[in-house]
Amino acid sequence: MTLEGLVKEFAENVAAQTDAIFQVGAGPEDRHGDRYIAAFDELRARGNEGREALCILLKHPRMDVRATAAAFLLRYRTAEARAVLEEAAKGEGLVAFGAQQTLKGWEEGVWALDPE
């Protein structure tokens with residue numbers, strides 16, 4: 001799959017996971033989470049070229065997509081990713097909570113979504 005295809009797969013599945021969480025009767029399986037993590041793993045396998053491709057999502061129209069991409073890009077693009085997460089953390093709901101927890105993990109030194 002191309003870099004662009006992987007980035008699209010990441011974004012679509014983050015959005016689909018968020019949407020599924022709020023659907024009545026949605027099953028507990030997390031196939032969307034598995035898919036966006038698999039897309040990130042493939043991007044990471046391509047090194048900084050893959051990480052750089054993911055950076056476009058830091059400006060995605062959906063905050064959930066921006067914040068999730070930022071969480072995975074904290075080590076690679078610390079200042080930009082942190083700014084996105086700080087913005088998301090000011091909000092309410094699941095995305096804000098996730099951003100707050102990601103920032104806390106980063107500050108405590110336990111963040112490990114993209115180890116060196």
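The values are calculated or read from the model by the stated rules, or taken from the named source; none is laboratory data. Predicted, not measured: the structure shown is a model, and the values here were computed from it. Cβ coordinates were reconstructed from backbone atoms using ideal geometry, including for glycine residues, and neighbour counts include every protein chain displayed. Note: accessible area is taken over every heavy atom of the protein model, side chains too, but ligands, DNA and RNA are not part of it. Shrake-Rupley method; radii C 1.70, N 1.55, O 1.52, S 1.80 Å.
Okay, residues lined up against (1) modelled with pLDDT of 95 or more; (2) open to solvent by less than 20 Å² (accessible area, probe 1.4 Å); (3) not small (Gly, Ala, Ser):
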| residue | (1), (2), (3) |
| --- | --- |
| Gly25 | no, no, no |
| Tyr36 | yes, no, yes |
| Phe40 | yes, yes, yes |
| Leu43 | yes, yes, yes |
| Gly50 | yes, yes, no |
| Leu57 | yes, yes, yes |
| Arg62 | yes, no, yes |
| Ala69 | yes, yes, no |
| Arg77 | yes, no, yes |
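Among the residues of segment 56-97, count how many are without any contact (Cβ under 8 Å) to a residue 24 or more places away in the chain, within 21 Å of Glu107 (Cβ to Cβ), assigned to a helix (DSSP H, G or I) and of a type in the set (Lys, Arg).
Going through segment 56-97 one residue at a time, the tally reaches 1.
Kindly list the number of the only condition in (1) surrounded by 15 or more Cβ atoms within 10 Å (Cβ to Cβ); (2) β-branched (Val, Ile, Thr); (3) in a loop (DSSP other than H, G, I, E, B) that fails for Val110.
Only one criterion is unmet by Val110, namely (1).
Any residue in segment 39-55 that's under 11 Å from Val7 (Cα atoms): show its pairings with residues that are of a type in the set (Asp, Glu) and open to solvent by 30 Å² or more (accessible area, probe 1.4 Å) at Cβ separation under 6 Å, as long as the two are six or more apart or on different chains.
Ala39/Glu9
Taking only segment 26-55 into account, find how many residues are within 20 Å of Leu94 (Cβ to Cβ) and assigned to a helix (DSSP H, G or I).
8
Could you give every pair whose Cβ atoms fall below 7 Å, whose first residue belongs to segment 10-21 and is part of a helix (DSSP H, G or I), and whose second residue is of a type in the set (Lys, Arg), counting only separations of at least 6 or pairs across chains?
Once the first residue is part of a helix (DSSP H, G or I) and sits in segment 10-21, its partners that are of a type in the set (Lys, Arg) give Asn13/Arg35; Ala15/Arg62.
Of the conditions (1) surrounded by 18 or more Cβ atoms within 10 Å (Cβ to Cβ); (2) under 11 Å from the mean Cα position of the chain (by Cα); (3) over 19 Å from Glu116 (Cβ atoms), Leu6 satisfies every one except a single condition; which number is it?
(2)
Assess whether Arg31 counts as being farther than 18 Å from Leu3 by Cβ, surrounded by fewer than 17 Cβ atoms within 10 Å (Cβ to Cβ) and touching a residue at least 24 places away in the same chain (Cβ under 8 Å).
Working: farther than 18 Å from Leu3 by Cβ: yes; surrounded by fewer than 17 Cβ atoms within 10 Å (Cβ to Cβ): yes; touching a residue at least 24 places away in the same chain (Cβ under 8 Å): no.
So Arg31 fails the test.
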